[in-house]
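The values are calculated or read from the model by the stated rules, or taken from the named source; none is laboratory data. These figures come from a predicted structure and were not determined experimentally. Note: ideal-geometry Cβ built from the backbone for every residue, glycine included; neighbour counts use all protein chains shown. Note: areas computed on protein heavy atoms with side chains; ligands, DNA, RNA excluded. Shrake-Rupley method; radii C 1.70, N 1.55, O 1.52, S 1.80 Å.
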Amino acid sequence: MKPTIRDVARVAGVSTTTVSRVLNNRGYISKKTREIVYTAINNLNYLPNDLARSLFHKRTNFIGLLVPNISDPFSGELTFEIQSFCASLGYKIILCNTLNHMDKESKYLETLSGSQVDGLIMSTYNTHILNNYEQNLPIVTIDHYISKKVPLVSSDHYSGSLQAIELLISKGCQHIIYVSAYTESEQSSTLKRNAYEDGMKGQGKRSIIYEYSGYEEKHKVICKIFNENTEVDGIFCSDDITATAVIIEAKKRGISIPTHLKVIGYNGTEVSQILFPGLTTVQQPIDLIAKTAVKSLLEIIDGKVKTDLTKFYLPMKIIEGTTT
C-alpha cells in the first residue's frame, strides 16, 4: 500500500501538520525535526502530492462519497444532490461506487484516507466495514448505522412504511403482501419489514412476505406471488422498480389496478416519477438527506459537534397516485 503523510508522521513521531510544513518549507521547524521527517520520508519511499501539501492549510476541500450502486435511482439522485450541495459550498466529491463489495469498500477507504479528504460520507451496506479500520477521518453515514461514534442520517423508514400499510388498509385491502430484495445487512429493509409486520399485526391480519435476490429471480417471485395468493388485493414493495414489475405482471393476468389490486412503491425519486407516473409511493426526502449529511460532516470537520450518538431520522410522505 502506498505510504501516506500520516505514515510519515507516525514514523517520525510528529503531527501531519509538521510533516506538511517541512514539505512546504513554511513556518519554523527545527533542523533536528526536519532531519527526522526527511529520514522517515526516505525510509517509506513517500512521494508527496498536491493534496498532501494542502494539509498546511488544514483543508483539501475534498469529500469522499461511498455509494453501493450508482445505477440505482435512489443512489444516483442522492449522489447528484450531495455533489450539487457540496459544490455550492466550495467542496468537491471523490465518488466511489462500491457495488456492495466489501473488498472494494476497504480499498476505497484506504485510498480516500491516503488522498487526505477532509471527511467521508458513506451510504454502504456493510455494517462491519470499520471494525478493522483505524481512522481519524470525520465520517457521516446515510441509512446504515455503523458505530455509535459515527453520525447517522436516514429517512424514517419505519414510519414511512407503516403509513403505506395503513393506506392500503384504509382502502379496504384485506390480503396485503410485502415484497423486497433479500439482504442480510441493509437496515432500511429491516425497518420496512418490521413496519409491515407490525401494521398487519395491529389490524389482526396475517403477514405474507416474499423476497428475491437479483433481477431474474425478482420476476419469478412476482409470478409466484400471484400463483400462490389468488386473494391478494394489496402489495407493498420495497422500491418503485419492483412495484412497477408487479403492476406489469398484474396487467398481463388481467388484474385491474386499483380496482382489484392496489400497489405501493418506495423511494419516490424523480426518475421513478417520470418513468412510472401514477405510481403511489413512499417518498424519501433525498434533497434533505443530502444537505443534512453534508452539513453534519462539515460541523464535525470544524469541530463544532461531538459525533457520539448523533442520529437524524427524516420524515417521509406518501405520494398517492392511481395505483391505490
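Name the residue from Gly214, Gly278, Ile264 whose Cα lies farthest towards the positive end of the charge dipole of the chain, charges +1 on Cβ of Lys and Arg and -1 on Cβ of Asp and Glu.
Checking the options against the dipole of the chain, the answer is Gly214.
Provide the per-residue ³J(HN,Hα) series for the stretch 229-246, in order, calculated from phi with Karplus coefficients 6.51, -1.76, 1.60 and θ = phi - 60°, each as a whole number of Hz, with x at glycine and proline positions.
9, 5, 9, 4, 10, x, 9, 10, 10, 6, 7, 5, 5, 5, 4, 5, 5, 5
Using only the heavy atoms of the protein chains and a 1.4 Å probe, how would Tyr210, Tyr182, Tyr215, Tyr145 rank by accessible area, largest first?
Working: Tyr210 30, Tyr182 120, Tyr215 185, Tyr145 85 Å².
Solvent-accessible surface, decreasing: Tyr215, Tyr182, Tyr145, Tyr210.
What's the magnitude of the charge dipole for the chain around its Cα centre, counting Lys and Arg as +1 and Asp and Glu as -1 at the beta-carbon? Answer in Debye, nearest 20. Write out the running numbers ahead of the final one.
Details: 35 positive and 33 negative charges, 251 e Å.
Computed about the Cα centre, the dipole is about 1200 debye.
Amide H to amide H under 5 Å from Thr60: which residues, 5+ apart in sequence or cross-chain, H placed 1.01 Å off N in plane?
Here Asp118 satisfy the definition.
Quick one: putting +1 on the C-beta of Lys and Arg, -1 on the C-beta of Asp and Glu, what dipole do you get for the stretch 202-324 around its Cα centre, in Debye to the nearest 20?
Values: 15 positive and 15 negative charges, 38 e Å.
So the magnitude is around 180 debye.
Hey, can you grab everything whose amide H is under 5 Å from the amide H of Leu279? Only 5+ residues off in sequence or another chain; H modelled, so Pro and N-termini drop out.
Under 5 Å from the amide H of Leu279: Thr322.
Defining a contact as two alpha carbons under 8 Å apart and six or more residues distant in sequence, what relative contact order in percent does the chain show? Walk me through the numbers before you get to the answer.
On the way: 561 pairs, mean separation 56.8, N = 324.
Relative CO of the chain lands at 18 percent.
With θ taken as phi - 60° and the coefficients 6.51, -1.76 and 1.60, list the Karplus ³J(HN,Hα) couplings across the stretch 95-108 in order, rounded to whole Hz; mark glycine and proline as x.
Karplus-based 3J(HN,Hα) across the stretch 95-108 equals 8, 10, 8, 7, 6, 6, 9, 4, 5, 5, 4, 4, 5, 5 Hz.
Put +1 on the Cβ of every Lys and Arg and -1 on every Asp and Glu Cβ in the chain; which of Leu65, Ile247, Leu44 then has its Cα farthest towards the positive end of the dipole?
Leu44
Distance between Cα centroids, the stretch 133-203 to the stretch 265-314: provide it in whole Å.
Distance between centres, Cα-based: 14 Å.
Determine the percent antiparallel among the DSSP beta bridges restricted to the chain, to the nearest 5. All intermediate terms of the calculation are to be shown ahead of the outcome.
Working: 3 of 38 bridges.
Roughly 10 percent of the DSSP beta bridges within the chain come out antiparallel.
Among residues other than Met122 whose Cβ falls under 12 Å from its Cβ, what is the net charge (Lys/Arg +1, Asp/Glu -1)?
Details: positive: none; negative: Glu105, Asp143.
After counting each charged neighbour, the total is -2.
If contacts are Cα pairs under 8 angstrom and at least 6 residues apart, what is the relative contact order of the stretch 181-304 in percent? Each step should come with its number before you reach the end.
Working: 106 pairs, mean separation 21.5, N = 124.
Taking the mean separation of contacting Cα pairs over the length of the stretch 181-304, I get 17 percent.
Using a 1.4 Å probe on the protein heavy atoms, what percent of the accessible area of the chain belongs to carbon and sulfur?
Working: 8020 of 16180 Å².
So the carbon and sulfur contribution to the accessible surface is 50 percent.
How much mean residue ellipticity at 222 nm does the chain get from its helices, if each DSSP H run of length 4 or more adds -39500 (n - 2.57) and you divide by all residues, to the nearest 500 deg cm²/dmol? Present the calculation step by step, with values, prior to reporting the outcome.
Values: 12 runs with 143 residues, N = 324.
Per the formula, -13500 deg cm²/dmol.
Per residue, how much accessible surface does the stretch 252-303 expose to a 1.4 Å probe? Answer in Å², no decimals.
Details: 2240 Å² over 52 residues.
Result: 43 Å² of accessible area for each residue.
List the longest stretch of the chain that has no exposed loop site; here a site is one of the GluC sites (Glu not before Pro) assigned by DSSP to anything other than H, G, I, E or B, with at most 11 other Cβ within 10 Å.
Numbers: sites that count: Glu134, Glu184, Glu231.
The segment 1-133 is the longest one with no such site.
Which whole-Hz ³J(HN,Hα) couplings does the stretch 267-274 yield from phi under the Karplus relation 6.51 cos²θ - 1.76 cosθ + 1.60, θ = phi - 60°, glycine and proline marked x?
My calculation for the stretch 267-274 gives 3, x, 5, 4, 4, 5, 5, 6 Hz in order.
Of all DSSP beta bridges located in the stretch 174-324, what percent are antiparallel, nearest 5? Working shown, then result.
Details: 3 of 19 bridges.
Once the DSSP bridges in the stretch 174-324 are tallied, antiparallel ones form about 15 percent.
Name the residues whose placed amide hydrogens come within less than 5 Å of the amide hydrogen of Phe312, ignoring near sequence neighbours (fewer than 5 apart) on the same chain.
Amide H to amide H, under 5 Å and 5 or more residues apart or across chains, Phe312 pairs with Leu152, Val153, Ser154.
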